[in-house]
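The values are calculated or read from the model by the stated rules, or taken from the named source; none is laboratory data. Small disclaimer: the values here were computed from a predicted structure and weren't measured. Ideal geometry is used to build each Cβ from the backbone, glycine not excepted, and the neighbour counts take in all protein chains shown.
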């Protein structure tokens with residue numbers, strides 16, 4: 001239970017920092033990881049815990065690869081790795097969990113930012129705004145853009161998903177690596193929000209604690 005409390009503290013503190021700054025210094029992960037490792041030695045079942053951590057750290061190469069590809073930032077990868085040390089596959093439910101449960105739960109929660117994008121665009125349309133003004137693109141690209149982003153009057157913490165080609169605006173829906181690309185500051189530009197993914201990881205961990213693995217639960221319930 002100490003590990004769970006410490007893990008929740010880490011995730012909540014770092015989520016707040018992520019929302020405010022979209023950047024978390026590496027010393028947070030070094031500090032939390034070091035204290036979490038030291039906590040192992042106050043537990044009488046040290047060997048069993050080390051084996052559990054070793055199994056939980058299967059997630060490490062996977063999330064590091066996802067970071068390098070650009071699916072999420074380094075802070076998100078380090079958070080999941082440190083979480084595997086502090087509270088490996090922790091749950092208070094009777095449902096099964098895996099080393100990937102927090103991540104898979106977080107991926108399901110990713111639907112909420114998409115719904116928020118759709119809501120923003122619907123509201124803009126209701127207000128009579130021409131959100132596709134100047135665009136010469138397919139209906140499929142426009143539909144994808146509605147899910148992935150919105151037209152921001154004053155962009156903040158977002159990446160541009162539009163470009164101009166031969167005087168016509170086009171959507172650019174390629175993956176945007178948060179650590180290799182600058183946030184957009186150009187007014188009235190379509191952006192995809194730089195989502196503080198740590199919030200989703202925190203939510204995924206809480207679901208893991210209270211319920212377990214959502215995807216695994218669906219498959220086992222079939």
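So, residue 115, is that one in the same structural domain as residue 23 (by TED's automatic domain parsing) and either within 22 Å of residue 80 (Cβ to Cβ) or exposed (fewer than 13 other Cβ atoms within 10 Å of the Cβ) (or both) or not? Explain how you work it out, then say what you get.
Details: in the same structural domain as residue 23 (by TED's automatic domain parsing): no; either within 22 Å of residue 80 (Cβ to Cβ) or exposed (fewer than 13 other Cβ atoms within 10 Å of the Cβ) (or both): yes.
Here the answer is no, as residue 115 does not meet what is asked.
Among the residues of the range 1-11, the ones that are surrounded by fewer than 13 Cβ atoms within 10 Å (Cβ to Cβ) and assigned to a helix (DSSP H, G or I) come to 3 in all.
Taken over the range 12-26, residues that are loosely packed, with under 13 Cβ neighbours inside 10 Å, in a helix (DSSP H, G or I) and free of Cβ contacts under 8 Å to residues at least 12 places away in the same chain amount to 2. Give the residue that is surrounded by the fewest Cβ atoms within 10 Å (Cβ to Cβ), with candidates limited to residues of the range 122-140 that are within 27 Å of the chain's Cα centre (by Cα) and either more than 18 Å from residue 169 (Cα to Cα) or at pLDDT 95 or above (or both). The extreme case among them is 123. All conditions but one from (1) exposed (fewer than 12 other Cβ atoms within 10 Å of the Cβ); (2) part of a helix (DSSP H, G or I); (3) more than 16 Å from the chain's Cα centre (by Cα) apply to residue 44; the one that does not is (2).
Among the candidates 200, 143, 210, which residue alone is within 23 Å of the chain's Cα centre (by Cα), exposed (fewer than 15 other Cβ atoms within 10 Å of the Cβ) and outside the structural domain of residue 115 (by TED's automatic domain parsing)?
On the way: 200 fails: exposed (fewer than 15 other Cβ atoms within 10 Å of the Cβ); 143 fails: outside the structural domain of residue 115 (by TED's automatic domain parsing).
Just one listed residue meets the conditions, 210.
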